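*Asks:* Handing you this structure, nothing more for now.
The values are calculated or read from the model by the stated rules, or taken from the named source; none is laboratory data. Keep in mind that this is a model prediction, so the values were computed, not measured. Cβ sites come from the backbone with ideal geometry, for glycine too, and all protein chains shown count toward neighbours. Heads up: the accessible areas ignore ligands, DNA and RNA and are worked out on the full protein's heavy atoms, side chains in. Shrake-Rupley method; radii C 1.70, N 1.55, O 1.52, S 1.80 Å.
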Amino acid sequence: MVCFDSAHPESEARFNCQEWSNALVLIDECESGFWHLLDASTCIEKRRIILHQVQDLIKGALSSHTAGRVIVADADLSDLSLNFVLKLAGQEHLKPYIICNEWSDGQNWQVFSYPKSKL
């Protein structure tokens, strides 16, 4: 497991995407993760190499020559994140397999709203 901040060869993790052929790439909480990757000050100095490493990792996993997979997960998954992954992979033609949890217990929740002055 590697966070985006460490997804480069100069980090303590010494991450090198070339060592991860046929990988199962799981990006949980991808909406905030991708935002962090693209905007966080902690990635600013290495952002370019991190993006290249992530792109090569995803490309390698989705290549027709490998058995790798890419799974992105988020409670609020958007087309923006799916399209970002497909663009990184150079596989815009792929149709993602989407699992949507629509479970509901059918119960209404009682919600209390307190004025700010009481907080």
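*Asks:* Which residue out of Ala7, Ala73 is more than 27 Å from Cys100 (Cβ to Cβ) and modelled with pLDDT of 90 or more?
*Replies:* Sole residue among the options that is more than 27 Å from Cys100 (Cβ to Cβ) and modelled with pLDDT of 90 or more: Ala7.
*Asks:* Taking the options Ile71, Ile58, Ile50, name whichever one is open to solvent by less than 60 Å² (accessible area, probe 1.4 Å) and in contact with a strand residue (DSSP E or B) (Cβ under 7 Å, 6 or more places away or on another chain).
*Replies:* Testing whether each residue is open to solvent by less than 60 Å² (accessible area, probe 1.4 Å) and in contact with a strand residue (DSSP E or B) (Cβ under 7 Å, 6 or more places away or on another chain) leaves just Ile58.
*Asks:* Let me ask something else about it. Would you check which residues across region 23-64 are part of a loop (DSSP other than H, G, I, E, B) and over 15 Å from the mean Cα position of the chain (by Cα) and list them?
*Replies:* Ile44, Glu45, Lys46, Ser63, Ser64
*Asks:* Here's something else I'd like to know. Condition check: among the basic types (Lys, Arg) and closer than 14 Å to Val2 by Cβ. Does Lys46 satisfy that?
*Replies:* Yes: the conditions hold for Lys46.
*Asks:* Next question, about the same structure. Being closer than 16 Å to Tyr97 by Cα, among the acidic types (Asp, Glu) and without any contact (Cβ under 8 Å) to a residue 40 or more places away in the chain, is that true of even one residue in region 11-34?
*Replies:* There is no residue in region 11-34 that is closer than 16 Å to Tyr97 by Cα, among the acidic types (Asp, Glu) and without any contact (Cβ under 8 Å) to a residue 40 or more places away in the chain.
*Asks:* Can you name every residue in region 74-96 that is open to solvent by 30 Å² or more (accessible area, probe 1.4 Å) and of a type in the set (S, T, N, Q)?
*Replies:* Ser78, Asn83, Gln91
*Asks:* Of the conditions (1) in contact with a Lys or Arg (Cβ under 6 Å, 6 or more places away or on another chain); (2) surrounded by 13 or more Cβ atoms within 10 Å (Cβ to Cβ), Leu24 satisfies every one except a single condition; which number is it?
*Replies:* (2)
*Asks:* Restricting to region 1-38, give me the number of residues that are of a type in the set (Gly, Ala, Ser) and closer than 20 Å to Leu86 by Cα.
*Replies:* Within region 1-38, residues that are of a type in the set (Gly, Ala, Ser) and closer than 20 Å to Leu86 by Cα number 5.
*Asks:* Collect the residues in region 44-88 that are farther than 23 Å from Ser11 by Cα and charged (D, E, K, R), keeping them in residue-number order.
*Replies:* Residues satisfying the conditions are Arg69, Asp74, Asp76, Asp79, Lys87.
*Asks:* Which of the residues belonging to region 79-93 are closer than 22 Å to Cys17 by Cα, more than 12 Å from the chain's Cα centre (by Cα) and of a type outside the set (Asp, Glu)?
*Replies:* Within region 79-93, Lys87, Ala89, Gly90, Gln91 qualify.
*Asks:* Surrounded by fewer than 10 Cβ atoms within 10 Å (Cβ to Cβ) and not in a loop (DSSP other than H, G, I, E, B), is that true of Ser104?
*Replies:* Answer is no for this residue.
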